[in-house]
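These notes are about the structure you will find just below.
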Amino acid sequence: MAESHEMTINLVVLGKTQTGKSAAGNSLLGSSDFESRLCPSSVTTRCSLGRSGCISGLIRRNGCESALHVRVLDTPSYPHSALSKEQVRDTVRAALTQHFGEEGLHLALLVLRADMPLCPDEGNDTIQLIQELLGPTWKDFTAVLLTHADKAEEAGYNEETYLHSASSTLLSLLSSVQHKYIFLANHNSIIKEERNIVLRKVLNFIRKNNYQVLLKHSKE
């Protein structure tokens, strides 16, 4: 009976070097599980799974409040300063199978910086990697996480004006994933209210996808 009042969501963060990918994972977990620092080379070289504590007050299912558990898989960036595309792909694929093989993946978060324009062809490498990892339905299971949103805000942009001024490349990407996007400020520590706002949006994306999971990596 207790299990019916609990829900676990499985997420993976993917993106280029220095986009704030690991920091975003920490924000989602409310922890500092993943190493995140400014560095002239790629910091993350292996996959790592982080788990949140029990989060209450965010989700109701079948008329009852459910406790939420969040699991986030942090991954090496691509392009990477030390690893080839094949090494990154094989590492992430093995980790997805290991950690999410039985329960499946709810959502992949493509991490981009809100304070840097997305130029033509710039995001192709990471998107191609996501396609290879998730398969033909990748768009249904991918959302864009725009980090460093505080810097965009400092420059005078709110969400509406930012999207109005965004590059056609970014707008096309957002359209392809059914406008599933989240803005995230990169503070040293995210407050509980900000984290809950982000998690509610993640849950809403998962709900709109009928709580489906990608079972491509199921263990035999």
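The values are calculated or read from the model by the stated rules, or taken from the named source; none is laboratory data. As the structure is a prediction and not an experimental result, all values here were calculated from the model. Quick reminder, even Gly has a Cβ in these numbers, built from the backbone with ideal geometry, and neighbours come from all protein chains shown. Please note that ligands, DNA and RNA were not included when accessible areas were found on the heavy atoms of the full protein model with its side chains. Shrake-Rupley method; radii C 1.70, N 1.55, O 1.52, S 1.80 Å.
The rows are residues; the columns are (1) within 15 Å of the chain's Cα centre (by Cα); (2) small (G, A, S); (3) surrounded by fewer than 17 Cβ atoms within 10 Å (Cβ to Cβ).
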| position | (1), (2), (3) |
| --- | --- |
| T137 | no, no, yes |
| E154 | no, no, yes |
| Y157 | no, no, no |
| R195 | yes, no, no |
| V202 | yes, no, no |
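Within segment 47-90, how many residues are touching a residue at least 40 places away in the same chain (Cβ under 8 Å) and under 15 Å from K16 (Cβ atoms)?
12
The rows are residues; the columns are (1) open to solvent by 20 Å² or more (accessible area, probe 1.4 Å); (2) at pLDDT below 85.
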position: R37; (1), (2): yes, yes
position: G50; (1), (2): no, no
position: G53; (1), (2): yes, no
position: R60; (1), (2): yes, yes
position: G63; (1), (2): yes, yes
position: V70; (1), (2): no, no
position: T75; (1), (2): no, no
position: Y78; (1), (2): yes, yes
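Could you tell me whether D115 is among the acidic types (D, E) and in contact with a helix residue (DSSP H, G or I) (Cβ under 7 Å, 6 or more places away or on another chain)?
Numbers: among the acidic types (D, E): yes; in contact with a helix residue (DSSP H, G or I) (Cβ under 7 Å, 6 or more places away or on another chain): yes.
Considered against the rule, which asks whether it is among the acidic types (D, E) and in contact with a helix residue (DSSP H, G or I) (Cβ under 7 Å, 6 or more places away or on another chain), D115 comes out as yes.
Is there a residue in segment 168-187 that is on the phi > 0 side of the Ramachandran plot and either part of a helix (DSSP H, G or I) or touching a residue at least 24 places away in the same chain (Cβ under 8 Å) (or both)?
Taking segment 168-187 and keeping what is on the phi > 0 side of the Ramachandran plot, we get 178-179.
Okay, now just the ones that are also either part of a helix (DSSP H, G or I) or touching a residue at least 24 places away in the same chain (Cβ under 8 Å) (or both), so 178.
Checked segment 168-187: at least one residue is on the phi > 0 side of the Ramachandran plot and either part of a helix (DSSP H, G or I) or touching a residue at least 24 places away in the same chain (Cβ under 8 Å) (or both).
Of the conditions (1) at pLDDT 90 or above; (2) closer than 22 Å to N186 by Cα; (3) not acidic (D, E), M116 fails just one. Which one is it?
It is condition (1) that M116 fails.
Which pairs have Cβ atoms under 8 Å, sit 6 or more apart or on different chains, and link a residue in segment 191-210 that is within 15 Å of L68 (Cα to Cα) to one that is assigned to a helix (DSSP H, G or I) and not β-branched (V, I, T)?
Final answer for the pair search is R195/S27; R195/L28; V198/S27; V198/L28; L199/L28; V202/L28.
Looking only at segment 122-156, count every residue that is assigned to a loop (DSSP other than H, G, I, E, B), over 30 Å from N210 (Cβ atoms) and touching a residue at least 40 places away in the same chain (Cβ under 8 Å) and tell me the total.
3
Each row is one residue, and each column tells you yes or no for (1) exposed (fewer than 13 other Cβ atoms within 10 Å of the Cβ); (2) modelled with pLDDT of 95 or more; (3) farther than 14 Å from L107 by Cβ; (4) of a type in the set (A, V, I, L, M, F, W, C).
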| position | (1), (2), (3), (4) |
| --- | --- |
| S175 | yes, yes, yes, no |
| Q178 | no, yes, no, no |
| Y181 | no, yes, no, no |
| S189 | yes, no, yes, no |
| N209 | no, yes, no, no |
| L214 | no, no, no, yes |
| H217 | no, no, yes, no |
